[in-house]
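The structure appears below as structure tokens.
The values are calculated or read from the model by the stated rules, or taken from the named source; none is laboratory data. Note that the coordinates shown come from a computational prediction; the quantities given were computed from them, not determined experimentally. Backbone-built Cβ (ideal geometry, glycine too); neighbour counts: all protein chains shown. Accessible surface is based on the protein model in full, side chains and every heavy atom, while ligands, DNA and RNA are left aside. Shrake-Rupley method; radii C 1.70, N 1.55, O 1.52, S 1.80 Å.
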Amino acid sequence: VATIGVDLGGTKILAVRIERDGTASPVVKRSTPVDEGPDGVIAAIAGVVEELGLEGLEAVGVGAPGIVSPGTGRVGNAPNLPAWGESVALGPRLADAVGVPVLVENDVNAAIVGEHWSGSAKGHDDVLGVWMGTGVGGGLILDGQLRRGPRGAAGEIGHIVVQHGGRRCGCGGLGHLESYAGRAAMEVEARRRHAAGERTLLVQLAGEGRMKSGVFAKALAKGDRVAADLVDGAVAAMGIALASVVMLVDVTLVVVGGGLAEKLGDGLVGQVANATTALLPSDLGITVATAALGDDSGALGAAALAQSQFT
Ligand SMILES: [Zn+2]
């Protein structure tokens, strides 16, 4: 008996099968179909699940980018998924297609559960995970359990206010962490400064394309001032948000993951640790660690969640 975990992203689908004894299959990777909306995406997930094997399968877990309404398996507000539009009953529809129960969870929640199951957070009962990607996502594990909250919003650290009356966030709010530490918001700010006459390698390296995390790493390595400034701003904002969360719920470990953390590496994570510690009472030490599982954490966590829910 086994579970399969799926990490559904805007460009790719990753999946893994975990047996009852904890052994995991290699992670398989497929492109997310972009032409057929939710129907195509659900069919593609069902295909990957069949490929990994329906025999002895007890349940499937899916980590999805968007608002997952607790208990229903519905996913809404997912701008990264092709033609997703309204809220989609992903869980029930996938369960019909594969014939076993399906649990749907927010993708960052699944990733932090993966890190808790077999990555940097293994053995820790109280953990905050922060994923610095296009936006900033988060997940909270308290007393060894994922904390979802009645509206599924627990751990959503990206929308904590770090600057009163600050930059406009994608959600409409002002001064949220994501507007300082999310890659997309940092790109907007870099292009704004470039247009205002500041020279920066960031725009030169990215051209008209997306300013990927690797572009920030390259510009930073070459001593680009705007890049350094933006990263300093991201670190300061992370420090404020993390110190507030640590003070409120007393987590002892913060795991930082996502594209920006991966590309900027331990240097960034060390700076975030210092910025956080500087704002906390001196007897509340914390550890800040880099996520260990890379892209695989979401699929592994989704499988682990399905296992704890259904088996
Ligand atoms: Zn926001």
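Contact list please: Cβ distance under 7 Å, first residue in the stretch 85-102 and within 11 Å of VAL6 (Cβ to Cβ), second residue basic (Lys, Arg) and open to solvent by 60 Å² or more (accessible area, probe 1.4 Å), pairs at least six apart or on different chains.
LEU90/ARG74
Within the stretch 46-56, can one find any residue that is assigned to a strand (DSSP E or B) and open to solvent by 10 Å² or more (accessible area, probe 1.4 Å)? Let's see the steps before the verdict.
So in the stretch 46-56, the residues assigned to a strand (DSSP E or B) come out as none.
The answer is no; no qualifying residue exists.
State which residue is surrounded by the most Cβ atoms within 10 Å (Cβ to Cβ) when the search covers only the stretch 157-169 and only residues that are part of a loop (DSSP other than H, G, I, E, B) and near the ligand (Cβ under 9 Å from one of its atoms).
Out of the qualifying residues, it is CYS169.
Given the criterion under 14 Å from the mean Cα position of the chain (by Cα), within 15 Å of the ligand (Cβ to nearest atom) and either closer than 22 Å to LEU279 by Cα or not basic (Lys, Arg) (or both), identify the matching residue among GLY173, GLY133.
Sole residue among the options that is under 14 Å from the mean Cα position of the chain (by Cα), within 15 Å of the ligand (Cβ to nearest atom) and either closer than 22 Å to LEU279 by Cα or not basic (Lys, Arg) (or both): GLY133.
Picking from GLY197, GLY182, GLY172, GLY233, which residue would you name as being at pLDDT below 95 and either open to solvent by less than 30 Å² (accessible area, probe 1.4 Å) or not aromatic (Phe, Trp, Tyr) (or both)? Outline the logic, then answer.
Working: GLY197 fails: at pLDDT below 95; GLY182 fails: at pLDDT below 95; GLY233 fails: at pLDDT below 95.
None of the other options fit; the residue is GLY172.
Kindly provide the set of residues from the stretch 3-18 that are modelled with pLDDT under 95 and surrounded by 13 or more Cβ atoms within 10 Å (Cβ to Cβ), ordered by number.
Initially, the stretch 3-18 is screened for residues modelled with pLDDT under 95, giving 9-12.
GLY9, GLY10, listed by residue number.
Let me spell it out: the conditions are (1) assigned to a loop (DSSP other than H, G, I, E, B); (2) in contact with a Phe, Trp or Tyr (Cβ under 9 Å, 6 or more places away or on another chain), and VAL75 meets all of them except one. Which number is the exception?
All conditions pass for VAL75, except number (1).
If we scan the stretch 81-90, do we find a residue that is in a helix (DSSP H, G or I) and buried (at least 24 other Cβ atoms within 10 Å of the Cβ)?
So in the stretch 81-90, the residues in a helix (DSSP H, G or I) come out as 90.
When the remaining residues are screened for being buried (at least 24 other Cβ atoms within 10 Å of the Cβ), the result is 90.
Yes; the residues of the stretch 81-90 include at least one that is in a helix (DSSP H, G or I) and buried (at least 24 other Cβ atoms within 10 Å of the Cβ).
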